[in-house]
Amino acid sequence: MDPVPGRPVRSSEAGRAQSRGGRRALGVLAVVLSVAWVFPIYWMINSAFLPLNKLQTPTPTFFPVEGTLSNFRRVLDDPSFWASMRVSLAVVAIVLVAALIFAFLAALAVSRFRFRGRKGFILTILVVQMIPAEGLFISQYQMLDGWNLVNKVAGLALVYTAAILPFTIWMLRGFVAGVPIELEEAGMVDGLSRTGAFFRITFPLLAPGLVAAGVYGFLQAWNEYTLALVVMTDPAQRTLPLWLQGLVESNRATDWGVVMAGSALIAIPVIVFFLFVQNKMTSGLVAGAVKG
């Protein structure tokens, strides 16, 4: 009889069994969450290729065997779609340029310099992020109306930039603070000026932060609906989310195939933008990890 030595063996086996059970449970949970996240995207694309009579049947069609491109043709032949596309692209371009420039300069200032009111400025950034966006709609509209910027691309871009600046500054501040100042000092010892050391050594290491901030700003400006509904009341100045909502409100019997086709087309610029910047984001992260 040797009960004592046997106990650790049983305990170890039980521990391994529990570990395997835990991994299986996590695997099942991951699959369920993945399906819950991917299925709406699949259903949007699937519905975009189905005619209206297939969408109105009580039996769902999971695979568009009898698919059609008519829904996409109706969207692409709609002049208001292209007008809204131009408005959205113009707003996003202004927001990205303005937000990245101002946020980068502010993040650089609060990370590299010590000045009076620095802590108060950082605290203000945190407090502003806690204010609900809806609580500012009335004052923002009155401000834009006083400046004659209602139903103007510049007006919507202005309030979008102000909305995303606090988080963008906070995000870039972390990246700037993560690059040691000693790298610039070493470059200056080798003969570079302070400006040259910054742009040749520090700035490339900040590429992942700038790309991440750009992705955040792009998504916020491209997908935002509520503030655009308040500011852009002219149908000729609607952004794409407002145009898409107009498809639902325009008819009593909504053609969901056209709505889903419009949703898929609106998502394409986001996918293209991400594919364009993902390599730069990855290379910047690797460079920052190696050189930092």
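Among the residues of segment 112-120, are any touching a residue at least 40 places away in the same chain (Cβ under 8 Å) and part of a helix (DSSP H, G or I)?
yes
Going by the structure shown, is Leu285 within 21 Å of the chain's Cα centre (by Cα), part of a helix (DSSP H, G or I) and at pLDDT 60 or above?
no
Return the residue satisfying two criteria in turn: it lies in segment 107-153 and is under 21 Å from the mean Cα position of the chain (by Cα) and of a type in the set (A, V, I, L, M, F, W, C), and of such residues it is nearest to Thr239 (Cα to Cα).
Val153
Exactly one of these conditions fails for Leu126: (1) modelled with pLDDT of 90 or more; (2) touching a helix residue (DSSP H, G or I) at 6+ places or on another chain (Cβ under 9 Å); (3) loosely packed, with under 13 Cβ neighbours inside 10 Å. Give me its number.
(1)
Is it true that Val231 is crowded, with 19+ Cβ neighbours inside 10 Å and at pLDDT below 85?
No: the conditions fail for Val231.
Do the conditions hold for Thr226, that is, is it touching a helix residue (DSSP H, G or I) at 6+ places or on another chain (Cβ under 8 Å) and surrounded by fewer than 20 Cβ atoms within 10 Å (Cβ to Cβ)?
So Thr226 passes the test.
Name every residue in segment 148-181 that is farther than 28 Å from Gly120 by Cβ and surrounded by fewer than 16 Cβ atoms within 10 Å (Cβ to Cβ), in order of residue number.
Asn148, Ala154
The values are calculated or read from the model by the stated rules, or taken from the named source; none is laboratory data. These numbers were taken from a predicted model, which means no experiment stands behind them. Please note: Cβ atoms are built from the backbone with ideal geometry, for glycine as well, and neighbour counts cover all protein chains shown.
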